[in-house]
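Below is one structure, written out as structure tokens; comments come after it.
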Amino acid sequence: MQFDATFFAFVGLLLFFALIVYLKVPGMVAKSLDARADKIRDELAEAKRLREEAQHVLAEYQRKRKEAEAEAAGIVAAAEREAAMLTAEAKQKTEEFVARRNALSEQKIKQAETEAVNAVRSAAVDLAIAAAEAVLAKKTDAAVQDSLFKGALGEVKARLN
């Protein structure tokens, strides 16, 4: 029997496999692969848990954002109502102010008219008195004036008593 290189290569290969089996390399490889699979499984579970947590946090923030938007809309609506109310109140106060000013102006105009009429009447009375004095002074002499004065003085004394 002749032994050639392939035979020795085959025997070396068998010895190598026997050595590998004797040293329990397949068990170590399987154990290492199992450990790696467990590690990957744990990492996947952790990633899934983190993803679910992130989705939960995202949902919570979206809910808070919606609540904040609703609150902001409520604040804007309240501000608009308040602005409309203030505008209406300001308009009413302005109208009342204008009405009071018009009434005051009309009252002042009426008072001025009354004062003007009274001034004209007073001037007319003064003018009439002056004219009557001038006419009486021309038509009466000293004796008539003296008797008129005494008569007027008597009327004043009678009224006082």
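Multiply the residue gap between Met85 and Ala123 by 0.36 nm, knock off their C-alpha separation, and tell me the result in nm, one decimal place.
Going from the current span to full extension adds 8.1 nm.
Can you list the HN-Hα couplings for the range 42-49, worked out from phi with the Karplus curve (6.51, -1.76, 1.60; θ = phi - 60°), rounded to whole Hz and with x for Gly and Pro?
Calculated HN-Hα couplings, in order: 5, 5, 5, 5, 5, 5, 5, 4 Hz.
Kindly report the accessible area of the range 49-134 per residue (heavy atoms of protein chains, probe 1.4 Å, no ligands, DNA or RNA), in Å².
Values: 7490 Å² over 86 residues.
Accessible area per residue: 87 Å².
What figure in square angstrom, to the nearest 10, would you give for the accessible area of Asp141 with a 1.4 Å probe?
Result for Asp141: roughly 90 Å² accessible.
Which residue, chosen from Ala45, Ala134, Leu153, occupies the Cα position most advanced towards the positive end of the dipole of the chain, where the dipole is computed from +1 (Lys, Arg) and -1 (Asp, Glu) charges on Cβ about the Cα centre?
Positive-most Cα among the choices belongs to Leu153.
Starting from the Cα of Ile75, step 7 Å along the direction of its Cβ; do the same at Phe10; then give the gap between the two resulting points in nm.
8.9
Please compute one quarter of the surface area of the Cα convex hull for the range 1-96 and express it in square nanometres. Working shown, then result.
Working: hull surface 47.2 nm².
Projected over every direction and averaged, the Cα hull of the range 1-96 covers 11.8 nm².
Which value, to two decimals, describes the C-alpha radius of gyration of the chain once divided by 2.2 N^0.38 Å?
Details: Rg = 62.7 Å, N = 161, 2.2 N^0.38 = 15.2 Å.
Ratio of Rg to 2.2 N^0.38 Å for the chain: 4.13.
Could you give the semi-axes, largest first, of the ellipsoid that matches the range 69-113, computed as the square roots of 5 times the alpha carbon gyration tensor eigenvalues and rounded to whole Å? Show your work: numbers first, answer last.
Numbers: eigenvalues 364, 3, 3 Å².
Over the Cα atoms of the range 69-113, the ellipsoid semi-axes are 43, 4, 4 Å.
Can you pull the accessible area of Ser32 for me, 1.4 Å probe, Å² to the nearest 10?
Surface open to solvent at Ser32 totals about 70 Å².
When the dipole is taken about the Cα centre of the chain, and only Lys, Arg (+1) and Asp, Glu (-1) are charged at their Cβ, what size is it in debye, to the nearest 20? Provide the component values of the computation, followed by the final result.
On the way: 25 positive and 25 negative charges, 48 e Å.
So the dipole magnitude of the chain works out to roughly 240 debye.
Counting only protein heavy atoms and a 1.4 Å probe, tell me what percentage of the range 44-103's accessible area is made up of carbon and sulfur.
60
How large is ³J(HN,Hα), in whole Hz, for each residue of the range 59-72 in order, when computed from phi with the Karplus curve 6.51 cos²θ - 1.76 cosθ + 1.60 and θ = phi - 60°, using x for Gly and Pro?
Values per residue, Gly and Pro as x: 4, 5, 5, 5, 5, 4, 5, 5, 5, 5, 5, 5, 5, 4 Hz.
Averaging over all projection directions, find the projected area of the Cα convex hull of the range 92-161 and quote it in nm² with one decimal place.
On the way: hull surface 31.3 nm².
Over all viewing directions, the range 92-161 projects a mean Cα-hull area of 7.8 nm².
Using a simple spin-label model with points 7 Å from Cα along the Cα→Cβ vector, what separation in nm is obtained for Met28 and Ala158?
15.9
The values are calculated or read from the model by the stated rules, or taken from the named source; none is laboratory data. A quick note: this is a predicted structure, and the numbers were derived from the prediction, not measured. Every residue, glycine as well, gets a Cβ built from its backbone with ideal geometry; the counts of neighbours run over all protein chains shown. All accessible areas refer to the heavy atoms of the entire protein, side chains included, with ligands and DNA or RNA removed. Shrake-Rupley method; radii C 1.70, N 1.55, O 1.52, S 1.80 Å.
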